[in-house]
1. Label points 7 Å out from Cα along the Cβ direction at Asp414 and Ala432: separation in nm?
2. Along each principal axis of its Cα atoms, how long is segment 140-282 end to end? Whole angstroms, biggest number first, please.
3. On a 0 to 90 degree scale, rounded to 10, what angle separates helix 474-491 from the longest Cα axis of the chain?
4. With no solvent and one equal point scatterer per Cα, compute the Debye intensity ratio I(q)/I(0) for segment 302-411 at 0.11 Å⁻¹ and report its log10, rounded to two decimals.
5. What percent antiparallel are the DSSP beta bridges of segment 3-243, to the nearest 5?
6. Give the peptides 246-259, 419-432 in descending order of average Cβ contacts within 10 Å, highest first.
7. Share of antiparallel DSSP beta bridges in the chain, in percent to the nearest 5?
8. Could you please state, rounded to a whole Å, how far the C-alpha centre of segment 323-340 is from the C-alpha centre of segment 131-194?
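Laboratory data are not the source of any read-out in this text; all were calculated from the coordinates shown. The model shown is predicted, which means the values in this text are computed figures rather than measured ones. Every residue, glycine among them, receives a Cβ derived from its backbone with ideal geometry; neighbour counts consider all protein chains shown.
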Amino acid sequence: MDHILALDQGTTSSRALVFDRQGAVVALAQQEFTQHFPQAGWVEHDAQEIWRSQLAVARQALLRAGLGAHQLRALAITNQRETTVLWDRRTGEPVAPAIVWQDRRTAAVCDALRQRGLAPRIQRKTGLVLDAYFSATKLQWLLDHVPGARARAEAGELAFGTIDSWLLWNLTGGRVHATDASNAARTLLFNIHTLQWDEELLSLFNIPRAVLPHVHPSSGVFGETEASLLGAAVPVAGIAGDQQAATFGQACFAPGMAKNTYGTGCFMLMNTGDTAVTSRHRLLGTVAWLGPHTPAAYALEGSVFMAGATIQWLRDGLQIIKSAAEVEALAASVSDTQDVYLVPAFAGLGAPDWDGHARGTLVGMTRGTTRAHIARAALEAIALQTADVFHAMGQDAGVPLRELRVDGGASRNDLLMQLQADYLGVPVLRPALTETTAFGAAGLAGLASGLWSGADELSALWKLERRFEPRLPAAARKAKLTRWREAVDRSRGWDRG
Ligand code: ADP
């Protein structure tokens with residue numbers, strides 16, 4: 001029983017990975033599922049399709065690993081966060097499509113609450129910015145728009161959950177309705193200081209307590225899977241939201257350690273230890289994870305909306321590269337951008353600027369500007385946006401960060417990672433294991449089930465693949481960041497809509 005099965009339920013696909021005691025991936029299976037866009041700004045998933053695809057890849061991964069479920073030490077879950085499911089406790093049927101984190105239908109509700117001056121109080125309790133992104137207003141919307149839902153919820157007939165709860169419920173044959181603290185921390189209903197659902201927030205968002213799952217430690221046994229599903233009962237022993245799981249998988253166990261994931265967007269999280277820091281730079285405060293016998297570990301989180309997506313735009317929009325991987329050679333064919341900056345505010349700016357009216361801006365071009373300069377400016381933009389978040393984090397935490405651990409698709413780009421080290425002024429560390437999210441969940445389950453003894457053993461499994469040292473002198477770095485901020489200023493407030 002030396003293996004952990006980790007379910008990695010993402011926004012576009014369901015994946016399952018089997019890890020061994022050394023942290024190696026023994027088998028992997030993946031299935032995409034359908035995205036529904038019923039109206040402008042709406043994004044929905046079919047929760048049943050998510051469950052079916054997740055179960056299918058779990059079985060497939062076991063088959064590929066040549067393992068029976070009875071040979072598993074434990075099962076772990078990591079998931080797309082905030083996405084909201086409401087289902088019937090008796091039949092197990094969702095009462096409506098799941099509302100995905102990207103869905104903006106409740107933005108006006110959040111604006112109205114903000115106008116009542118409630119945002120600071122909500123931030124102090126939850127660590128979060130009052131936004132449609134989080135679960136509370138999505139759940140409220142379901143209760144108010146699905147016929148009969150509110151009355152049934154109040155009578156205890158309905159269950160709410162983020163995707164982890166929904167999977168856990170199904171895996172345990174409807175016996176366990178629970179979530180972990182890292183997922184609860186993304187609902188706007190959970191007080192991250194007391195680690196309890198918050199009465200005041202429940203009444204503010206008009207959510208009946210009867211729909212809520214129990215909140216458990218992220219590392220600990222939640223229940224056992226229904227034996228018929230995988231062939232034997234397996235303890236579900238670890239759950240965490242995807243970004244928190246990746247932080248755990250990157251072994252960022254000590255306060256001040258941080259990771260950045262370079263995917264479509266970037267997600268940076270820094271461990272702030274047992275202190276929930278209230279950000280002064282519009283970063284998010286969140287529970288990183290909660291152990292069975294340890295105090296909660298907290299994190300600061302900042303995201304960049306357009307990271308790898310900027311490279312997709314070079315490929316699909318501008319068509320100056322054929323594949324994302326081509327950007328590196330093209331950008332490296334020039335030694336600098338000749339003072340050209342691309343501010344990829346295509347969907348506004350995220351942390352720390354939070355300007356919904358900013359728009360994409362390309363400044364500084366001359367007759368000598370080529371696609372190579374633009375490609376290089378795109379890579380620089382990813383690294384510079386990350387540097388802004390990184391420095392805001394350091395200021396919020398009151399300690400400068402000493403290094404950054406990286407993962408995600410675009411972290412394979414060596415030039416990008418070198419630029420990143422240059423603009424941060426600290427080393428960038430890329431690990432050998434790229435499946436940090438699933439491994440983080442496996443780590444939480446492995447600790448709870450005794451496969452690994454503690455953080456030290458997990459830290460030892462984290463292996464460096466390549467370390468990028470900053471090469472840019474401090475003065476040049478400062479000048480670069482200042483020039484970048486000038487470019488950012490030119491992008492702001494462009495959209496008048
Ligand atoms: P996600 O999980 O958000 O789908 P991934 O971690 O799979 O993202 O990373 C894919 C993203 O990384 C895409 O946006 C792609 O454009 C970008 N990407 C992939 N390879 C490279 C590369 N070599 N250089 C820069 N960006 C890349």
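1. 1.9
2. Principal extents (Cα only, largest first): 46, 44, 31 Å.
3. 80
4. Here the Debye-derived log intensity ratios amount to -0.37.
5. 65
6. Ranked from most to least packed, the peptides come out as 246-259, 419-432.
7. Rounded to the nearest five, the antiparallel share is 70 percent.
8. 45
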